[in-house]
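The values are calculated or read from the model by the stated rules, or taken from the named source; none is laboratory data. It should be emphasised that the depicted structure is a prediction, and the values quoted were computed from it without experimental measurement. For neighbour counting, all protein chains shown are included, and Cβ atoms are generated from backbone atoms with ideal geometry for every residue, glycine included. The accessibility values were calculated without ligands, DNA or RNA, using every heavy atom of the protein model including side chains. Shrake-Rupley method; radii C 1.70, N 1.55, O 1.52, S 1.80 Å.
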Amino acid sequence: NAGVTQTPKFQVLKTGQSMTLQCAQDMNHEYMSWYRQDPGMGLRLIHYSVGAGITDQGEVPNGYNVSRSTTEDFPLRLLSAAPSQTSVYFCASSYLGLAGVETQYFGPGTRLLVL
Amino acid sequence: TQLLEQSPQFLSIQEGENLTVYCNSSSVFSSLQWYRQEPGEGPVLLVTVVTGGEVKKLKRLTFQFGDARKDSSLHITAAQPGDTGLYLCAGGETSGSRLTFGEGTQLTVNP
């Protein structure tokens, strides 16, 4: 199994450009999430999905869109990139185990720089 | 949103030393997880604790969940350079709820 894969690994954008960060998982997990990681701020949840066709907002959703047409894929779209969106983006897939505890598997991340 | 505070934020020690990292909250969590993240990679789950007072050991790492389920600690015995990384705690509020992550503790173990 490849686990969780993310593309691209690095991206440089100009302010106002749009792009899509790709995420795929082959573990048949129902849950998928997008986080951004900034220095000193840990991981902050952007959007998540509890199954195909179902998405919801996390802590910092503004400026981002998601869709979940299949169990495997969960792309994150930046509509009009801003310098404040410079960050490292992680996709994760997860399942609910014993006692309803969520176990997350993270991808390797996409490093985004917005100029 | 419940907050998790980790301390210290940065820790640099010599190989062979012991260390403890703390994860604290004013709120109760139903579960607490610890992840380790190496440079250029995503976090990897180390352990999950769900019972107040629970202690789990993973080789030289000892994890404890506070009796009131508001705090947790990670103790590393005889640290090695391979332990270097960012340690993140994450709390689950209720069954199936979203995880809340702490800011992380950046550990550097010098040879």
Go through B:Ser12, B:Ser26 for me and flag whichever is open to solvent by 40 Å² or more (accessible area, probe 1.4 Å) and outside any loop (DSSP other than H, G, I, E, B). B:Ser12
Quick check on this structure: which one of B:Gly66, B:Gly52, B:Gly40, B:Gly16 is away from chain A (no Cβ under 14 Å) and over 15 Å from the mean Cα position of the chain (by Cα)? B:Gly16
Filter the range B:69-109 for residues that are under 30 Å from A:Tyr48 (Cβ atoms) and touching a helix residue (DSSP H, G or I) at 6+ places or on another chain (Cβ under 9 Å); which is nearest to the other protein chains (Cβ to nearest Cβ)? B:Ser95
Suppose the filter is of a type in the set (Gly, Ala, Ser) and within 14 Å of chain A (Cβ to nearest Cβ); does B:Ser26 pass it? no
Name every residue in the range A:86-98 that is open to solvent by 10 Å² or more (accessible area, probe 1.4 Å), out of contact with any Lys or Arg (no Cβ under 6 Å at 6 or more places or on another chain) and at pLDDT 95 or above, in order of residue number. A:Thr86
Within the range A:99-111, the residues that are at pLDDT 95 or above and open to solvent by 20 Å² or more (accessible area, probe 1.4 Å) are A:Phe106, A:Pro108, A:Arg111
Looking at the range B:29-42 only, could you name the residues that are farther than 14 Å from B:Gly92 by Cα, touching a residue at least 40 places away in the same chain (Cβ under 8 Å) and surrounded by 13 or more Cβ atoms within 10 Å (Cβ to Cβ)? B:Arg36, B:Gln37
Complete set of residues in the range A:34-48 that are modelled with pLDDT under 95 and more than 14 Å from B:Leu99 (Cβ to Cβ): A:Asp38, A:Pro39, A:Gly40, A:Met41
